[in-house]
Amino acid sequence: MRNLKKLVLGELHRLINYKILPISLVTAIIWIIIFLFLSEEEARNIAPLLIFVDVSMMSIILIGASHHFEKQEGTIKSMMMMPVSMGDILLAKVLSSMVLGLESAIVTSAALYFIHGVTFNYMVLLIFIIIAGVAHAAIAFILALNSKDFTSSLGLLMAYILPFQLPSMLFTFGIIEKEYEWLLMFSPSHAASSLITFAVSSDYDALKVLIGCLYLVFLSIVLFRYFVYSKFKSNAVRG
Amino acid sequence: MSNAFQVKDLRFKYKSSKEDTIKGVSFDVMEGEIFGLLGPSGAGKSTTQKILIKLLEDYSGEISYFGKDLKSIGKSFYEEVGVGFEMPVHFSKMTAMENMKFFSGFYKQTANVQELMEQVGLWEHRNVKVGDYSKGMKVRLNFVRAMLNNPKVLFLDEVTNGLDPKNARILKDIISDYRNRGGTVFLTTHLMNDVEQLCDRIAFCVNGKLYEISTPRDLKLKYGKREVKIEYKEEGATLDRIFPLEGIGLNEEFQNILRTKEIETIHSGETSMEDIFIKVTGGVL
Ligand SMILES: Nc1ncnc2c1ncn2[C@@H]1O[C@H](COP(=O)(O)OP(=O)(O)O)[C@@H](O)[C@H]1O
Ligand SMILES: [Mg+2]
């Protein structure tokens with residue numbers, strides 16, 4: 001536990017050091033400014049999308065970039081020479097990757113409240129962000145571990161976005177009919193985005209929430225257990 | 001003395017390669033010695049080191065670490081061993097000191113970082129980002145990283161590679177001191193100098209196999225040319241003669257030169273480690 005805390009602090013320190021956290025904070029603040037010009041209804045509709053993008057896409061890019069960067073630097077190897085379990089090393093990376101999602105959730109929630117007086121259950125949003133964040137971290141690691149450098153991992157990301165995130169966006173804009181939504185739930189990104197939408201709109205569909213949560217948790221366990229954990233070490237050793 | 005490592009019939013194959021990279025090697029690393037693997041690039045030295053430090057796991061054969069099966073030892077292993085990698089292993093956007101602070105924070109026992117950094121001449125550059133370090137500075141920082149936890153066993157992969165002679169000398173002196181204080185060292189190198197100046201015992205490594213595990217001195221006795229070369233002055237010119245070391249005390253011709261000529265140099269015919277390596281393994285360094 002002590003080690004995990006130190007590992008997470010190390011990861012956060014690097015996020016600041018590499019200017020990733022400051023830059024994402026600036027982007028979040030730009031969104032607040034945009035909120036000033038939106039109606040309450042528009043703001044409520046767009047807020048989940050902002051949070052979702054940071055929880056999913058941004059954390060995939062963050063994990064991919066830092067994985068390839070650290071592999072090239074050889075620091076993963078060096079970390080494996082510490083009396084720390086690999087589970088802790090991975091967990092620290094997952095936890096710190098969620099900072100972006102949390103940060104944009106906090107900024108967005110604050111903007112909704114201070115500009116439009118909108119409140120909702122923040123605890124529920126936090127839980128959904130964690131569930132969605134872990135699942136997307138798993139996906140991020142799979143993309144990173146199966147690509148030889150950051151550029152090729154971006155290619156894989158595009159290949160992931162087309163079938164898994166694009167339909168979800170089309171659905172959000174009403175281009176895909178409501179009756180096909182159950183199909184979309186197979187996409188972890190859609191499951192994540194609908195959970196976040198539920199939380200922000202305070203408008204729950206209990207069955208969908210349940211299925212979405214269970215699906216994402218199940219997916220996270222399977223992906224980490226069978227696809228990430230085993231490959232992480234051999235991947236770091238190379239070079 | 002007990003064995004730090006005992007390796008029996010070690011074999012290893014990378015998933016992506018067709019044949020075994022390590023083809024059945026056996027050796028012991030004794031506590032308190034500097035054991036060196038000498039061989040050309042691609043021989044399998046780094047692979048062997050990565051197996052011993054538990055980075056590569058799917059090996060066959062037996063490896064014991066102080067009598068215990070290496071596979072059964074958990075994370076506590078890394079409290080005891082220090083590993084110096086061939087390539088840089090630091091966060092390049094952070095300073096050397098930030099790096100050392102981060103890594104040393106995870107060990108129960110830590111060395112005096114300032115002392116180590118001073119010894120290798122990096123203390124005044126401690127607040128420089130590692131990305132701005134020269135290659136040689138990164139190599140020295142790798143060494144400090146390996147020593148961070150006051151290890152009982154030290155692994156060094158091509159530790160002097162990329163260092164100027166002065167800094168190579170400094171590292172070698174620190175390594176010898178470490179051994180003299182009871183430390184055990186496993187090192188790999190393709191440099192003859194390292195072997196001759198540092199190692200208590202060496203193994204020649206070529207193409208995944210080991211040849212001749214011995215001390216540098218015994219190798220020289222066994223494979224060195226046993227002869228004496230003498231250079232002397234005669235009528236203004238320098239001449240040389242070579243005599244067999246065998247029965248040199250009774251060799252009339254040799255004695256005669258000693259008695260009557262002005263001697264310039266006498267050398268016993270040292271065969272270089274390089275020649276011995278080629279003779280034993282048939283390979284080139
Ligand atoms: N991760 C890897 N995957 C496949 N082959 C590898 C890998 N690492 C090294 N090799 C191969 O194994 C052989 C031995 O490499 P290595 O142990 O690094 O040699 P050395 O350290 O003696 O130069 C080389 O042929 C090298 O190409
Ligand atoms: Mg090597």
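Here are a few things to note about the model shown:
- Scope region B:157-210; condition of a type in the set (Phe, Trp, Tyr) and either part of a helix (DSSP H, G or I) or surrounded by fewer than 16 Cβ atoms within 10 Å (Cβ to Cβ) (or both); matching residues: B:Tyr178
- Looking only at region B:6-34, and only at residues there that are in contact with a Ser or Thr (Cβ under 9 Å, 6 or more places away or on another chain) and within 16 Å of ligand 2 (Cβ to nearest atom), the one that is farthest from B:Gly282 (Cα to Cα): B:Tyr14
- Set side by side, the residues A:Ile76, A:Ile60, A:Ile46, A:Ile20 differ, and just one is within 28 Å of A:Gly155 (Cα to Cα), away from every other protein chain (no Cβ under 14 Å) and in contact with a helix residue (DSSP H, G or I) (Cβ under 7 Å, 6 or more places away or on another chain), which is A:Ile60.
Let's see how each residue does on (1) more than 26 Å from B:Ile170 (Cα to Cα); (2) away from ligand 1 (no atom under 16 Å from the Cβ); (3) hydrophobic (A, V, I, L, M, F, W, C):
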{"site": "B:Gln6", "(1), (2), (3)": "yes, yes, no"}
{"site": "B:Gly24", "(1), (2), (3)": "yes, no, no"}
{"site": "B:Leu38", "(1), (2), (3)": "no, no, yes"}
{"site": "B:Lys68", "(1), (2), (3)": "yes, yes, no"}
{"site": "B:Glu86", "(1), (2), (3)": "no, no, no"}
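- Tallying residues that are over 19 Å from the mean Cα position of the chain (by Cα), assigned to a loop (DSSP other than H, G, I, E, B) and under 11 Å from B:Tyr223 (Cβ atoms) within region B:271-285 yields 1.
- Check on A:Gly101, modelled with pLDDT under 90, away from every other protein chain (no Cβ under 14 Å) and either under 13 Å from the mean Cα position of the chain (by Cα) or at positive phi (or both): yes
- As a summary of the residue check, B:Gly24 satisfies the conditions (1) in contact (Cβ under 8 Å) with a residue 40 or more places away in the chain; (2) crowded, with 16+ Cβ neighbours inside 10 Å except for the one numbered (2).
- Near pairs, Cβ below 8 angstrom, 6+ apart or cross-chain, from region B:229-255 (aliphatic (A, V, I, L, M)) to any residue that is part of a helix (DSSP H, G or I): B:Ile230/B:Phe254; B:Ile230/B:Ile257; B:Ile230/B:Leu258; B:Ile248/B:Phe254
- For region B:36-65, the set of residues classified as within 11 Å of chain A (Cβ to nearest Cβ) and more than 16 Å from ligand 2 (Cβ to nearest atom) consists of B:Lys54, B:Glu57, B:Asp58, listed by residue number.
- Of the helices (runs of 4 or more DSSP H) lying entirely inside region A:182-239, those containing at least 1 residues that are within 14 Å of chain B (Cβ to nearest Cβ) and more than 17 Å from the chain's Cα centre (by Cα) span A:229-237.
- Being open to solvent by 10 Å² or more (accessible area, probe 1.4 Å) and within 13 Å of ligand 1 (Cβ to nearest atom) is a property that does not hold for B:Thr48.
- Region A:101-147 - residue that is assigned to a loop (DSSP other than H, G, I, E, B) and of a type in the set (Ser, Thr, Tyr) and, of those, nearest to A:Val217 (Cα to Cα): A:Ser147
- The listed residue being modelled with pLDDT under 85 and within 25 Å of A:Ser109 (Cα to Cα), out of A:Thr197, A:Thr172: A:Thr172
- A single entry from A:Phe69, A:Phe37, A:Phe52 fulfils the requirement of being among the aromatic types (Phe, Trp, Tyr) and surrounded by fewer than 16 Cβ atoms within 10 Å (Cβ to Cβ): A:Phe37.
- Considering the conditions (1) under 27 Å from A:Met123 (Cβ atoms); (2) part of a helix (DSSP H, G or I), A:Glu179 is excluded by exactly one of them, (1).
- Residue match in region B:73-85 (condition: under 25 Å from the mean Cα position of the chain (by Cα), within 20 Å of A:Ile89 (Cβ to Cβ) and within 16 Å of ligand 2 (Cβ to nearest atom)): yes
- Candidate set: region B:71-92, residues that are in contact (Cβ under 8 Å) with a residue 60 or more places away in the chain and part of a helix (DSSP H, G or I); chosen: the one surrounded by the fewest Cβ atoms within 10 Å (Cβ to Cβ): B:Glu79
- Flag for B:Lys233 being among the charged types (D, E, K, R) and assigned to a strand (DSSP E or B): yes
- Among residues of region B:97-129 being part of a helix (DSSP H, G or I) and more than 24 Å from B:Leu187 (Cα to Cα), the one that is nearest to ligand 1 (Cβ to nearest atom) is B:Phe102.
- Just one of (1) outside any loop (DSSP other than H, G, I, E, B); (2) touching an Asp or Glu at 6+ places or on another chain (Cβ under 7 Å) fails for B:Asn149. It is (1).
The values are calculated or read from the model by the stated rules, or taken from the named source; none is laboratory data. Just so it is clear, the structure is predicted and the values come from calculations on it, not from any experiment. All Cβ positions, glycine included, derive from the backbone under ideal geometry; neighbour counts span all protein chains shown. Accessible surface areas use protein heavy atoms only, side chains included; no ligands, DNA or RNA. Shrake-Rupley method; radii C 1.70, N 1.55, O 1.52, S 1.80 Å.
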